[in-house]
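Visitor: Have a look at this one.
The values are calculated or read from the model by the stated rules, or taken from the named source; none is laboratory data. For clarity, every value in this text was computed on a predicted model and none was experimentally measured. Methodologically, a virtual Cβ is constructed for each residue, glycine included, from the backbone with ideal geometry; neighbour enumeration extends over all protein chains shown.
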Amino acid sequence: MFLLVSVFNFGQTYDFDFLTKYKAHNSKNNYNFDSVNYFNTEDFSYYLKLSKDEKFLSAFLFDEKRKFVHYFKVTESNIKHEIQFEFLYEYSYPFIAEHRFENYHFEFSSISESSPKEITLKVFKSKKARKPVFEQTLTLQTANINLFEIYRKSILSYLHTADEISFPGNYIVKKVVEKHKDYICEIELVEYKNVELEIVLPEKLNLKNSYQAVNGTSLKFNH
């Protein structure tokens, strides 16, 4: 269980009320990865993504409205069987989308009438492309509001596009089978719950350019 510790500074404030954890397995290289993220379900313009390698636990706060990424070192402790995180602000840098994905196009099928509900998502390199790069079958679970943005930012965040990527209805994505030409990726939502987390940035940000930031930190993207 997660007990969340705030960052005590004085500046821009970000509130988070929902935690999700997706686990994925890639059959091509037998690679497994987790995607742990915090969201504000009333404002999906920002989200907090945890990143873990062999040495460090860190976090990236993506603010898509202000076009900035804020980087934090994260310390983890276990107190009375509660996992606690403390976020220490390090620096910020401009958010720049990867241009090679900017023309990607998305097509949804209709939501199935069967139970559980399913929907197919096809991803193309452009609107003119005939064959999809990959195809996903999404298993949906009923939610109080439309929570597709949680899945998109957790798993498909690297596919920046001008397209509106969503479908009607109040659902959260529970399972995914992603089919490529020569391999399959299976994705499952293994944890989700309400949380209370407030992160406050310092009034004066420690700014770096994107090149300095990318070469100084390691963020493991999902694909």
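Visitor: Do you know which residues across region 126-169 are of a type in the set (A, V, I, L, M), modelled with pLDDT under 95 and surrounded by 16 or more Cβ atoms within 10 Å (Cβ to Cβ)?
Guide: Once the filter is applied, which keeps residues that are of a type in the set (A, V, I, L, M), modelled with pLDDT under 95 and surrounded by 16 or more Cβ atoms within 10 Å (Cβ to Cβ), region 126-169 yields ILE155, LEU156, LEU159, ILE165.
Visitor: What residue, of SER6, SER58, SER77, is at pLDDT 95 or above and either in the same structural domain as ILE187 (by TED's automatic domain parsing) or over 30 Å from LYS179 (Cβ atoms) (or both)? First the steps, then the outcome.
Guide: On the way: SER6 fails: at pLDDT 95 or above; SER77 fails: at pLDDT 95 or above.
On inspection, the qualifying residue turns out to be SER58.
Visitor: Here's something else I'd like to know. Among the numbered criteria (1) among the charged types (D, E, K, R); (2) within 18 Å of THR20 (Cβ to Cβ); (3) touching a Ser or Thr at 6+ places or on another chain (Cβ under 7 Å), which single criterion is violated by GLU186?
Guide: Among (1) among the charged types (D, E, K, R); (2) within 18 Å of THR20 (Cβ to Cβ); (3) touching a Ser or Thr at 6+ places or on another chain (Cβ under 7 Å), the lone unmet condition for GLU186 is (3).
Visitor: Right, next: Among strands (runs of 3 or more DSSP E) lying entirely in region 130-208, which contain 2 or more residues that are in the same structural domain as LEU61 (by TED's automatic domain parsing)?
Guide: 184-200
Visitor: So, LYS122, is that one within 20 Å of SER157 (Cβ to Cβ) and either in a strand (DSSP E or B) or at pLDDT below 85 (or both) or not?
Guide: Yes: the conditions hold for LYS122.
Visitor: Scanning region 104-146 for residues that are within 21 Å of the chain's Cα centre (by Cα) and among the β-branched types (Val, Ile, Thr), which turns out farthest from VAL176 (Cα to Cα)?
Guide: That would be ILE145.
Visitor: If HIS25 satisfies all but one of (1) surrounded by 15 or more Cβ atoms within 10 Å (Cβ to Cβ); (2) modelled with pLDDT of 95 or more, what's the number of the condition it fails?
Guide: So the condition that HIS25 fails would be (1).
Visitor: Would you tally the residues in region 101-125 being surrounded by fewer than 16 Cβ atoms within 10 Å (Cβ to Cβ) and either outside the structural domain of LEU159 (by TED's automatic domain parsing) or over 16 Å from TYR171 (Cβ atoms) (or both)?
Guide: So the count comes out to 5.
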